[in-house]
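The values are calculated or read from the model by the stated rules, or taken from the named source; none is laboratory data. Here the structure is a predicted model, which is why all the values come from computation and not from measurement. FYI the Cβ positions are ideal-geometry reconstructions off the backbone, even for glycines, and counts take in every protein chain you see.
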Amino acid sequence: MEILSVVVDKKEAEAIERRRHREALRQERIFNVRERTMGLDTDALNRQSAERSRREQVEEERQEAYAREMIRNDKLSALASLRHEQDRRELAKDLNNFRSQNQRADTRREWDLNDPASKLKDKPGRISDFDRSLGLSAAQVFDGEDLASKTRREIQQTQRNKWAESQKAEKEYKNQVEEFQKHKYAQQQLENIASFQKMEDEILAQKAAERQAIKDFNIQQANERKQREAENAQAELQDKLTEIKNNIFGDTLTENPKVAMSAFGSHRVITDRWKGMSPAQIQNIREIREKQLEEKQTEQNIRKTMDKQWDDERIRQAKTLTLMERSEARQRREQQKSLIEENRRLAKEQAAKINYIDHEVYTNPPTRAYFNQFNTTSR
C-alpha cells in the first residue's frame, strides 16, 4: 500500500510539473515579440523533445521495476499459500493416523456394551470349562445372583487403570502435537518475517535510489532553468529596447490618421488608435441627425392621425353596440312576456285536466278492503 501511494503522489507531482512547464513555455511564446513575429525557437523545441523522451524512458523503467516487484510479490504469496496448504494436509493426515491407531472402537470404555460378540464371550455361573452340557434344569444360575461381581470389579479396576493411562498418553500426545504445531508456526512466522524484512530492505534501497535519481534530475533541471532564465532575461531586455524604439518612431505616437483605419471596411476604425472625427464627418453627422428628426416628426404626425381615426372608429362601434344591446333587451322583455302568458295558459289547462281526472275519471277510488283481499291464500 505504501508503494502505491508513493507512485500516485509522484505521478501527480510530475503531471503538475508538466502543466507548469507547458504554461511557462506558452507564456514565453506569447510574450516574446521576436519569436511571435519571426518564427519558432527550434533549439527550445529540440530540448523539449529530448526532455520528453528522457522522462518517458525514466517512467518506462520505473513501470518495469514496479512490474517486476509485483511479479516477485505474487510469487512469494503463491509460495506461502502452497506451504500453508501442505502444512494443513500434513496435519490432517497425522490426525487421521492418530485416530486410526489410538481411537479404535474396541478401545473405548463402552465397548463391552456395544460389542456384537458379547453374548458369545459370556460364560454362565458355576459351569466349568470342560462341562458345558448343563442347561437351566441344572440349577447352576439363579435370577438376582451376581456370581462374577469380584471378577467384574477386578476387570473394571483394570479397565479404569487402562483408561487413565490411555487418557494420560493421549493428553501427552496432544500436548506434544500442540507444541510441535506451535514450534512449526513460530518457525514459519520467523521465515515470513525474514522474507518480509528482506523485501522491505530491497524496497527501501530502491526508494533511496529513486530519490537520489530524482534529486540529480531536479538539480539538472534547476541548472537548466537558471540558464534559460538568464537567456530569457537577456532576450526580454533586448525585446523591450526594440519595443521602445518601435513605439517612439511608430505611427501611434506620431498620430498618423491612417493607423486608425480598420481592415473590415472604411466605415470602421480601431478605437485604441482613433484620434477623433474630422469637421466634414461632424457636419455630415449633424445633417443626418436633422434628417432623422424630420423623419421622426413626420412619423409622429402620421401616428397621431391614425390614432384619431382609430378613436373615431371605436366610438362609432361603441354606439352601434349600444343600440344592438338595447334592441336585444327589448326582444328579451317581449319574449319573457310571451313566455309568462304561455305558462299561465298551460297552468289553466293543467288545472282543468287534473279537475277532470279527479272528478270524472277517478270516481271510484279503491279502499283498504280491496287491497286486503290479495295474498290471503296459497293460490
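Annotations for the structure displayed:
- Count - residues of region 17-35 that are modelled with pLDDT of 85 or more and either among the charged types (D, E, K, R) or under 26 Å from the mean Cα position of the chain (by Cα) (or both): 6
- Screening 173, 185 for residues that are within 30 Å of residue 95 (Cβ to Cβ) and under 46 Å from the mean Cα position of the chain (by Cα) leaves exactly one candidate, 185.
- Residue match in region 281-296 (condition: at pLDDT below 80 and either surrounded by 10 or more Cβ atoms within 10 Å (Cβ to Cβ) or assigned to a helix (DSSP H, G or I) (or both)): yes
- Scanning region 181-195 for residues being closer than 12 Å to residue 83 by Cα and hydrophobic (A, V, I, L, M, F, W, C) gives a total of 0.
- Filtered residues of region 214-240 (kept if surrounded by 13 or more Cβ atoms within 10 Å (Cβ to Cβ) and more than 19 Å from residue 21 (Cβ to Cβ)): 239
- Candidates 65, 80, filtered to the one that is under 22 Å from residue 210 (Cβ atoms), in contact (Cβ under 8 Å) with a residue 12 or more places away in the chain and of a type in the set (A, V, I, L, M, F, W, C): 65
- Qualifying residue in region 357-372 (condition: surrounded by 10 or more Cβ atoms within 10 Å (Cβ to Cβ) and in a helix (DSSP H, G or I)): yes
- Of residues in region 58-84 being hydroxyl-bearing (Ser, Thr, Tyr) and closer than 20 Å to residue 201 by Cα, the one surrounded by the fewest Cβ atoms within 10 Å (Cβ to Cβ): 77
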